[in-house]
Amino acid sequence: MIDRRWIWMPLLVTLFSGGCACYQIGARTLYRPDIQTVYVPMFASESFRFGLGERLTEAVVREIHATTPYKVVSKEMADSTLSGELIADQKSVIAGNGLDEARIIQENLTVVYRWTDSRGNVLQQPLSLTLAPALSADSLNVASKYVPEAGQTMAIAQEEAIRDLAVQIVRNMQAPW
């Protein structure tokens with residue numbers, strides 16, 4: 001004879017598990033399920049300082065590999081394209097001493113970028129993370145300070161700003177909630 005308690009068990013399991021069917025777990029859920037690969041062409045640069053576009057492109061590719069499930073591939077094999085341009089590179093003195101020498105200097109980098117799928121549709125509008133109100137909503141501006149008297153250089157400040165820009169660009173590739 002069959003125990004009547006076990007007859008209702010499949011119905012209860014189906015009823016209670018149905019409410020959780022659309023939930024997913026893990027880091028992959030932060031990113032678009034329809035995109036697997038990304039093509040990242042060299043970021044253009046309007047700066048007179050050598051190699052900033054190349055360094056930014058390398059930082060973005062490293063960040064994509066380190067923090068997302070996407071693979072960076074060639075243009076022909078990509079589901080999407082992440083392209084951008086470094087539109088501003090400014091150095092300004094924040095504080096000086098009595099002899100009018102720079103004590104604290106700030107390096108500002110501004111980038112405009114776009115992430116599109118293979119058909120040209122914009123996948124994610126970047127968040128407005130600009131520090132300057134005159135910039136457009138699809139640009140990112142990062143500032144990095146350095147102190148020459150302490151042995152810091154502009155190259156160190158640029159590398160920090162490039163790393164921060166790459167992190168922000170890749171974070172904006174997450175799927176909207």
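Structure values in brief
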{"item": "Size of charge dipole - the range 46-90 - debye, nearest 20, with Cβ of Lys, Arg +1 and Asp, Glu -1, no other charges", "result": "140"}
{"item": "S118, S45, reordered so the largest accessible area comes first (probe 1.4 Å)", "result": "S118, S45"}
{"item": "Rounded accessible area of T81 (nearest 10 Å², 1.4 Å probe)", "result": "40"}
{"item": "For peptides 84-94, 70-80, sequence by mean Cβ density within 10 Å, most packed first", "result": "84-94, 70-80"}
{"item": "In order through the range 82-92: 3J(HN,Hα) via Karplus (6.51 cos²θ - 1.76 cosθ + 1.60), integer Hz, x for Gly, Pro", "result": "10, 10, x, 8, 7, 9, 8, 9, 10, 10, 9"}
{"item": "Local net charge near L109, Cβ-Cβ under 9 Å (Lys/Arg +1, Asp/Glu -1)", "result": "-3"}
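The values are calculated or read from the model by the stated rules, or taken from the named source; none is laboratory data. What you see is a predicted model, and the numbers here were worked out from it, not measured in a lab. Every residue, glycine among them, receives a Cβ derived from its backbone with ideal geometry; neighbour counts consider all protein chains shown. Heads up: the accessible areas ignore ligands, DNA and RNA and are worked out on the full protein's heavy atoms, side chains in. Shrake-Rupley method; radii C 1.70, N 1.55, O 1.52, S 1.80 Å.
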